[in-house]
Amino acid sequence: MKSTVIITAGGIGKRMGEEIPKQFLLLHDQPIIMHTIKKFYNYNPDSQIIITLPKAFIPYWEELCDEYDFCIEHLVVEGGKERYHSIKKALALVNGALIFVHDAVRPLVSIETIESAKKCAIHNLTAIPVLPIKDSLRYGTAKENKHIDRDAYWKVQTPQVFHADILRKAYDLPYTPKITDDASLVEELGYQIHFSPGNEENIKITTPTDLQIANALLKKKNDL
Ligand SMILES: Nc1ccn([C@@H]2O[C@H](COP(=O)(O)OP(=O)(O)OP(=O)(O)O)[C@@H](O)[C@H]2O)c(=O)n1
Ligand SMILES: C[C@](O)(CO)[C@H](O)COP(=O)(O)O
């Protein structure tokens with residue numbers, strides 16, 4: 001089954017608070033996004049790879065590719081206002097029958113997580129990697145709140161994997177602020193969203209602390 005990987009990097013990383021979008025920041029020896037692209041290329045060199053980037057930073061990305069001699073074949077799409085819009089634009093170039101949508105700032109996704117999500121989506125049409133909640137949870141406000149059963153909640157990661165025709169139909173639906181991932185859109189079509197196992201290291205690098213954690217995890221992995 002021919003697959004396409006959309007590695008979405010159209011954001012500007014406000015919560016990171018850096019001059020350049022966080023996906024271009026160094027993780028160990030190269031920009032975060034290069035780690036992520038390499039991970040999926042190494043998993044399946046035959047996949048079509050599409051990345052989304054903020055329009056203003058496409059020339060910067062081209063300079064980085066020259067600087068790091070980064071030669072993995074990929075298509076570049078201008079990102080949109082929200083993550084939804086970036087992916088919607090990328091869908092126009094997809095030629096695979098199975099689509100993986102992955103955050104560029106999740107470079108430490110494991111091969112096992114990718115493989116599990118693929119197998120799940122092939123058999124069930126949809127797949128999202130999840131992890132159980134390890135902290136206690138409460139619902140409400142500082143003034144009024146109550147304990148809730150954490151076993152009924154899950155942390156959702158990427159890659160989120162779907163049959164291409166389903167994801168295309170989902171992105172014909174309009175954007176609303178409650179749409180924070182692809183699964184929440186596919187769900188609107190009435191499809192069941194199926195779980196596959198995530199991996200603890202597959203954090204979304206959002207803040208400076210996340211980048212420190214990712215560097216420590218990568219160092220630990222390389223030292224093994
Ligand atoms: N318009 C957007 C916004 C986000 N993303 C991507 O979606 C992933 C997860 O989003 P997030 O971590 O929120 O990234 P940013 O939106 O860049 O971060 P912030 O909210 O701090 O600005 C990132 O790889 C980001 O580049 C995207 O492709 N297009
Ligand atoms: C897609 C995602 O990473 C799944 O957990 C998450 O919804 C992205 O949220 P963000 O606010 O765009 O970072």
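The values are calculated or read from the model by the stated rules, or taken from the named source; none is laboratory data. In this text the structure is predicted, and so the values were computed from the model without any measurement. Cβ atoms come from the backbone with ideal geometry, glycine included; neighbour counts cover every protein chain shown. The area values use the complete protein model at the heavy-atom level, side chains included, leaving out ligands, DNA and RNA. Shrake-Rupley method; radii C 1.70, N 1.55, O 1.52, S 1.80 Å.
Of the beta bridges in region 1-105, as assigned by DSSP with both residues counted there, near 10 percent are antiparallel.
Here the Gaussian network model covers the chain, with springs between Cα atoms less than 10 Å apart; of Arg15, Arg106, Arg168, Arg15 fluctuates the most. Residue separation of Cys71 and Arg150 scaled by 0.36 nm, minus their Cα-Cα distance, works out to 24.0 nm of gained length.
At 1.4 Å probe size, with the rest of the protein present, what percent of the exposed accessible area of the chain is carbon and sulfur atoms? Don't jump to the answer; show the numbers that get you there.
Numbers: 6320 of 11950 Å².
About 53 percent, which is the carbon plus sulfur part of the accessible surface.
Summing charges over neighbours of Asp135, with a neighbour being any other residue whose Cβ is under 15 Å away from its Cβ, gives +1 when K and R count +1 and D and E count -1.
Give me the percent of DSSP beta bridges within the chain that run antiparallel, rounded to the nearest 5.
Details: 15 of 33 bridges.
If I count the DSSP bridges inside the chain, around 45 percent turn out antiparallel.
Within the same chain, aspartates and glutamates fewer than 8 places from Lys146 are excluded, and of the rest, those with a Cα less than 18 Å from its Cα are Asp135.
For region 1-75, what is the accessible area per residue in Å², given a 1.4 Å probe and the full set of protein chains? Kindly include the intermediate steps, with their values, before the conclusion.
Numbers: 3770 Å² over 75 residues.
Result: 50 Å² of accessible area for each residue.
Close amide H pairs (under 5 Å, H built 1.01 Å from N) link Ser196 with Ile128, Val130, residues at least 5 positions away or on another chain. Note on Asp165: accessible area approximately 100 square angstrom, rounded to 10, probe 1.4 Å, nucleic acids and ligands left out.
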